[in-house]
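Engineer: Below you'll find the structure I mean.
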Amino acid sequence: MKKNSRGVRVIVFLLAGILSAATLAICVVAGVYLYFGPQLPEPGDIGQMQFNEPLRVYTADHKLIGEFGSERRIPLTYDQIPKRQVDAFVAAEDDRFFEHPGVDYQGLLRAVVHLITTGRKTQGGSTITMQLARNLYLTRDKTYVRKIKEMILALRLESKLSKQQIMELYLNKIYLGERAYGVGAAAKVYYHKPLKQLNLAQAAMIAGLPKAPSAFNPIANPTRARQRRNYVLDRMHALGFIDKAAWKQARSAPVTAGTDDNQEDDQKSRGIRHDARYVAEMVRQDMVARYGDDAYTGGYNVITTVDSSRQQAAVHALRKDLLAYDARHKWHGPEKTLDSDTVGDPNALQNALDGMVNRGGLVPAVVTGVNGSDISLATGEYGKVTLSASQIPWLASGHSASTLVSRGDVVRLAYTGAKEKSQQWTLAEIPDVQGALVAMNPHTGGIEALAGGFDFSLSKFNRAVQARRQPGSSFKPFLYSAALAHGFTAATLVNDAPVVYDTPGLDNQWRPQNYSGQIFGPTRLREGLVHSRNLVSIRVLRSVGVKTVIDYASQFGLPANQMPHDLSLALGSATFSPLQMAEGYSVFANEGFRVKPYYISKITNSDGKVLFEAKPKVACADVNDCPALTQTSGPDNASRLATRVIPADNAYIVGDMMRDVIRHGTGRGALTLGRKDLSGKTGTTNNQIDAWFVGFNANLVAISWVGFDKLKPMGHAETGAGAALPMWVDFMGSALKGKSEALPPKPDDIKTVNIDPQTGQLAVDGGGIPEIFRAGNVPTAEEARHSGRHDSSNEVQQLF
């Protein structure tokens, strides 16, 4: 009996101990909850969060050209996330996710046992829900207090949200390296495509990143990333998420992060892909002005007016032109020189190359040897390259390449696109000269392409918008338009003869000359523009009046305060930006209307709600006959008609004279395009400091400019025709490829008659050449007789 009694007492004591321990545990848990619970979000607040989404900038055809903000995000709903991506994260992070209540007590117990037996903490026991709670509300400090808070928050999350909602939040919130938050952004960052297009190996790679985003980064550490990916695949196979065949295939797949599976060839992979950083920066500044710092986190999407293919053509044309200029002038020398030990050690050389970056599409390379006219180089991305004499622009015939480079020199290579591999590269260097190109829709003002310099990362100064440069002779069409508005015709004779002006405040007299230095005598207005005769332009300006021309030109959008109040205005001594010139030339292209440049077409928030939509004033005379308004018909369309600033006949005549600039004058280089709808004008300033070409057809205006940021001569031959026209031709050839010719319609009051080219009067005895006039300005036979010329023996009457 005593023995039985003693046994009963032991059992009672044990039960009492267990009960006491349980009670104590409950009290401890309750105490912990009561202590920490009030410090944490309430159940009603759990799951209510706003993602910090970056500002994204797109072209008109929805190609991403800019992203601003510390976090890259592409939020997705649970239904938009492929099942295998969910399975991969479950296998990698929490295989009992769909079973536990937010805290995996089995995993937690294993972690406690491991701590007791080894004295070391383990990362086990942290569920996906707990990770989400930490990412949403807690710091990353590894303390027991934080762990307790994680568990409380995880339980609260599970009490409010479904497993699918928790997984959706987690997969949108988790940091995955390269500033990518969430699986949508990670797919774009690492694989350049939407999440749904990833294969199994790529999905497993992304699922392996949360443990250590930097260590397992597939771009920076492909070997360790592959190991982590294969671990995830092993877990997926063990859990039955994938079969053996899929497991083996994915395990053997190469690491493809950082490449674009859709690239068709090497040229695309090396070429410029939607490079519009100057435009993107313009948008960024605009958005910050509108929304402040919220612009970086509010998830705004901006659709611009930029056409991605024309933008790519603009950047390509500008860089090609500046590199060509640079190749015509002195070699600058290497950027730096590596020591011989580095060049001789393959690993050290590769590390040095890995630290160099492309600039303006130019690939960094290190000279490893020079043999006569050949140069051997190493590149980080494209391996070994050998250049022969034909690929070295600065190498004089018969000279050794050692006159230019030596072993260890860091230089640049430009990709030529040649089919023959040995001819795919040329020696190049980052040019000191700069340039700009802007293209604009003359009917709406929408900027379709803009390049503000050789490389945005080298210089953020946007020359297309911010530079104020003298336009030279490219200003003359505005002067000649003013002349037509004040009684001149395209056939009016102006004397091309020397002039001398006393300039107040200067000791020397002003003796302007034509670029060629020659004198041509009586010259028709058309010929004066076609051949850019300076002396003709000065006499026209003097006749019309400086103030009159300034007031007239300001109607085109050219600021009056940027034009000098003297006769040098005739030679283009004003200062305008390329964009201002594009605005002005649009008036000639669109039959006389002033449209204002714009680049933001639409702004939406992260939910797709339209916050702003541009409604520019368009170049139309009648709201019922206006193609630019056909897609946006509405009651306010009448107010969207742009102001006419010059008559259609004036715009047509100036445009026609400028077509002759291309057919017969300084713009003949554009004849290679094989089109008859192009009007243009060169511009060159004193000492070839600025070079311009401005031109258009009825649907597109494009402006190219070349010059140094710090004013200095570019060289005697670097005129508008030599330095800027090739850029314009290259761009327009791409921009107008496959496009029908587009001439402005000929106004009804434009008449064509034959004139005597010597007098500009009606050819009364037959023959002559055709010229166009406004109906009220057509020369008559009586005027021809009055001019005193009926044949070539009569003396020409000089009008000015």
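The values are calculated or read from the model by the stated rules, or taken from the named source; none is laboratory data. Quantities reported herein were computed from a predicted structural model and do not represent experimental measurements. Glycine also receives a Cβ, built like all others from the backbone with ideal geometry; neighbour counts cover every protein chain displayed. When the accessible area is computed, the model is the full protein with side chains, heavy atoms only, and any ligands, DNA or RNA have been set aside. Shrake-Rupley method; radii C 1.70, N 1.55, O 1.52, S 1.80 Å.
Engineer: Debye calculation, C-alpha points only, no solvent: report log10 I(q)/I(0) for the chain at q = 0.05 Å⁻¹, in the same order as the q values.
Structural biologist: Once normalised to I(0) and log-transformed, intensities are -0.41.
Engineer: Order these peptides, 80-87, 444-451, 587-594, by their mean beta-carbon neighbour count within 10 angstrom, highest first.
Structural biologist: By packing density, highest mean first, the sequence is 444-451, 587-594, 80-87.
Engineer: Ignoring ligands, DNA and RNA, how do 105, 296, 175 rank by accessible area with a 1.4 Å probe, largest first?
Structural biologist: Largest accessible area first, the list is 105, 175, 296.
Engineer: Continuing with this model, one more query. Taking only the alpha carbons of the range 634-761, what extent do you get along each of the three principal axes, in Å, biggest first?
Structural biologist: Dimensions of the range 634-761 along the principal axes of its Cα atoms: 50, 49, 31 Å.
Engineer: Based on DSSP H runs of at least 4 residues, each adding -39500 (n - 2.57), what is the mean residue ellipticity at 222 nm of the chain after dividing by all its residues, to the nearest 500 deg cm²/dmol?
Structural biologist: Mean residue ellipticity at 222 nm (helix-derived): -10500 deg cm²/dmol.
Engineer: Report residue 666's accessible area, 1.4 Å probe, all protein chains in place, as a number in Å² to the nearest 10.
Structural biologist: 50 Å²
Engineer: Could you work out how much longer the chain between residue 515 and residue 457 gets when fully extended? Use 0.36 nm per residue separation minus the Cα distance between them, nm to one decimal.
Structural biologist: 17.2 nm
Engineer: Here is a follow-up. With the cut-off at 1.5 for a/c, could you classify the range 415-512 from its C-alpha gyration tensor as rounded, prolate or oblate? Mind showing how you got there, number by number?
Structural biologist: Values: a/c = 2.26, a/b = 1.84, b/c = 1.23.
Prolate, because a/c is 1.5 or more and a/b exceeds b/c.
Engineer: Moving on. Can you tell me the length gained on complete extension of the stretch residue 371 to residue 350, counting 0.36 nm per residue apart and subtracting the Cα distance?
Structural biologist: 5.3 nm
Engineer: Continuing with this model, one more query. At q = 0.17 Å⁻¹, what log₁₀ I(q)/I(0) does a Debye calculation on the Cα points of the range 528-665 give, no solvent, two decimals?
Structural biologist: Values returned for q = 0.17 Å⁻¹ are -1.03.
Engineer: Related question: Which values of log₁₀ I(q)/I(0), to two decimal places, follow from the Debye formula for the range 198-253 at q = 0.17, 0.25 Å⁻¹ with a uniform point scatterer at every Cα?
Structural biologist: After summing over all Cα pairs, the log10 values are -0.46, -0.92.
Engineer: R0 = 30 Å: FRET efficiency of residue 416 with residue 671, Cβ-based, nearest 0.05? Kindly include the intermediate steps, with their values, before the conclusion.
Structural biologist: Numbers: r = 25 Å, r/R0 = 0.83.
Approximately 0.75, to the nearest 0.05.
Engineer: Could you tell me which helices of the chain pass both thresholds, a Cα extent of 18 Å or more along their own axis and a mean Kyte-Doolittle hydropathy of at least 0.0, with helices taken as whole DSSP H runs?
Structural biologist: 2-36, 105-118
Engineer: Heavy atoms only, 1.4 Å probe, whole protein assembly: order 342, 129 by accessible area, highest first.
Structural biologist: Accessible-area ranking of 342, 129, largest first: 342, 129.
Engineer: A follow-up question, please. How would 734, 481 line up by accessible area, probe 1.4 Å, largest first?
Structural biologist: 734, 481
Engineer: Run the numbers on the range 694-753 and let me know its relative contact order in percent, using alpha-carbon pairs under 8 Å that are six or more apart.
Structural biologist: Computed over the range 694-753, the figure is 40 percent.
Engineer: Let me check I have the definition right: for the range 336-442, take the eigenvalues of the Cα gyration tensor, multiply each by 5, take square roots. What are those semi-axes in whole Å, largest first?
Structural biologist: With the √(5λ) rule applied to the range 336-442, the semi-axes are 26, 18, 13 Å.
Engineer: To the nearest 0.05, how large is the calculated FRET efficiency for residue 542 and residue 403 if R₀ is 45 Å and r is the Cβ-Cβ distance?
Structural biologist: Plugging the Cβ-Cβ distance into 1/(1 + (r/R0)^6) gives 0.25.
Engineer: Still on this model: Once both labels are modelled 7 Å past Cα along the beta-carbon direction, what's the residue 78-residue 234 spacing in nm?
Structural biologist: 3.1 nm
Engineer: If ligands, DNA and RNA are left out, what is the accessible area of residue 379 with a 1.4 Å probe, given in Å² to the nearest 10?
Structural biologist: For residue 379, solvent-accessible area is about 10 Å².
Engineer: Using only protein heavy atoms and a 1.4 Å probe, report how much of residue 247 is accessible, in Å² to the nearest 10.
Structural biologist: Rounded to the nearest 10, that gives 60 Å².
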